[in-house]
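This report refers to the structure that appears directly beneath it.
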Amino acid sequence: MPKAKILIVEDEAIVAQDIRKSVEAMGYVVCAVASSGAEAIQKAEETRPDLVLMDIVLKGDMDGVQAAGEIGARFHVPIVYLTAYDDDTILQRAKITAPYAYITKPFNDRELHIAIEVALYKHQAEAQIRKTEHRLAAVLRSVGDAVIAADREGRVTFMNPTAEKLTGWKQEDAYGKKLTEVLNIEQEELENLERHLVEKVLTEGLIINLLEDHLLVAKDGTETPISDSAAPIRDDDGETPGTVLVFRDISERKRVEALIWESEGRFRAVFERSTIGMSLTSPAGILFQINKAFADMLGYTLEELEKLNFTQFTHPDDVAKSRECMRILLADEQVVYRFEKRYFHKNGDIVWGDVSATLFCDERGTQLYFITSIVDITERKRAEKRLQETLESLRKAVGATIQVMAATVETRDPYTAGHQIRSADLARAIAAEMGLSQDKIDAIRMAGSIHDIGKISTPAEILSKPTKLSDLEFSLIKEHARQGYEILKDVESPWPLAEIVRQHHERMDGSGYPRGLKGEEIMMEARIIAVADVVEAMASHRPYRAAIGLNAALEEIARNKGTLYDVDVAAACLRLFREKGYQLQKV
């Protein structure tokens, strides 16, 4: 955690130096020392301290209280006063700047340390509270539903912009007025509202649905059908100082419902009796009808689910998917849009759905609603997860086996110790440079680590022979690619390791071995290992020759790219060494 930066403001140089030593001994950083009010403001702007230790009486036109007020207002930095004066006049002036502590000189280090720690903690806590309040206020202002908060007497204390729009009241005009005065609905419903707020919400602390399908009349006479609910506002002591009323405009829902009920009954029968989940959603994203299969899928009754916004039972990370689906269909970019998303079951479990949606329009082309079908694929997702876990276990097991095999080869052939590891590292770097998938990179790394596994069947005296090999001896060594395939072909692995190992000495023009493959007949993984193998082999010592050198190896790749070596692989290899500073690892 970064050390707190402290600005010291003290016009006595010796005293300032003593304070600095004490503060630094406590583990803080003194970012600056100022001797006047004007200098303190300048240093605060330059260094942005976490706390200011301020002497009240300073030389010059500006004293510590004035400087503290300016610093606090401009930079929101906590102030701790250090002063030898404790008369009431100074204290009253200092209080106006809301200091975090007031220490009278002389003081000891413990008093100073406690004052600093308390001030820093209090300032951090207040900043977090302000941040939370601002965030909550922004959410309430941005939410699409209307929100009105009232105290225990039912007087309005807050309205968000949506509530202002639907009621026709500005918050400043509605503040302090009775909630029943601001909400202009039928008299009977107003009485029910007031009674429920007292009996159910304030007294019993219940969250209740109040109005459904009733008209709200705004100040200008505009009528809006609404549905709403009320909940208690609880403080930290568990008390209920007020209530919050949330209501929404259901005009769109009512309009679309009327259109739906005019459509043929056959669609409704299919919709209601379908064994897969189905829903109808307006172009504005309002869910107005769902079938029983969908409600059962999420563990709700039809009545419960119809009162929720789709974002309330959709995983927050997948809400954007639903909005993108609506955007694409509304823009007529696709006729049917299909995607997978997560829902929340009523009990909190995740339910995976395979969603298919289309936009229904009338004969005039008016966009009416989305028809969505939802198939429960939760079990399939669980099976996929179990399969992935099994594959991961298999990858780890294969990796361990590969390491054992690689170690076996290196033990029998000490002169090429580390060759496979260096070749595998280079091959992996080339694959990454080419932008291959992580799965292919993993396959190349594994295969590269054991590409010479077939040398297990080559006589050790040939592998370590210090003179040039005879044609017969070289032909025996060339068999290692085929022998490697025979060793690996029955090993269970997520990757085609055996085939990669068999092909790593094939060449693009067909001049390689053991099968003389060429061009696209050679796997990309094998082409990459082939280049890495040549570069590492030429750059390293062999029993029958000294190292030829890295530069000669790169010239070999550049000279024969497109003939012996894949063009893209060769280019990636050359970039790594010549432009990106790649070096063969020492093993």
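A short reminder: the numbers here are calculations on the coordinates, not readings from a lab. Computed from a predicted model, the values in this text were never measured in an experiment. FYI the Cβ positions are ideal-geometry reconstructions off the backbone, even for glycines, and counts take in every protein chain you see.
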FRET efficiency for residue 284 and residue 26 from the Cβ-Cβ distance with R0 = 60 Å, rounded to 0.05, comes out at 0.55
In the structure shown, of 341/385; 489/518; 3/43; 178/219; 5/122; 165/219, the pairs separated by more than 20 angstrom at the C-alpha atoms are 489/518
Sorted by chain and number, the residues with a modelled amide H under 5 Å from that of residue 102, at a separation of 5 or more or across chains, are 81
Taking R0 as 25 Å and r as the Cβ-Cβ distance between residue 165 and residue 306, the FRET efficiency 1/(1 + (r/R0)^6), rounded to the nearest 0.05, comes to 0.55
Within region 484-542, DSSP-loop GluC sites (Glu not before Pro) with at most 15 other C-beta atoms within 10 Å are 492
A chain fully extended from residue 219 to residue 274 at 0.36 nm per residue, minus the present Cα-Cα distance, gains in nm 15.3 nm
Given a Förster distance of 22 Å, the FRET efficiency implied by the Cβ-Cβ spacing of residue 121 and residue 45, rounded to the nearest 0.05, works out to 0.35
Taking a label point 7 Å from the Cα of residue 61 along Cα-to-Cβ, the residues of region 15-51 whose backbone nitrogen sits under 14 Å from it are 37-39
Between the modelled labels at residue 172 and residue 439 (7 Å from Cα along Cα→Cβ) the distance in nm is 6.3 nm
For the pair residue 575 and residue 320, the simple spin-label estimate (label points 7 Å beyond Cα toward Cβ) gives in nm 2.8 nm
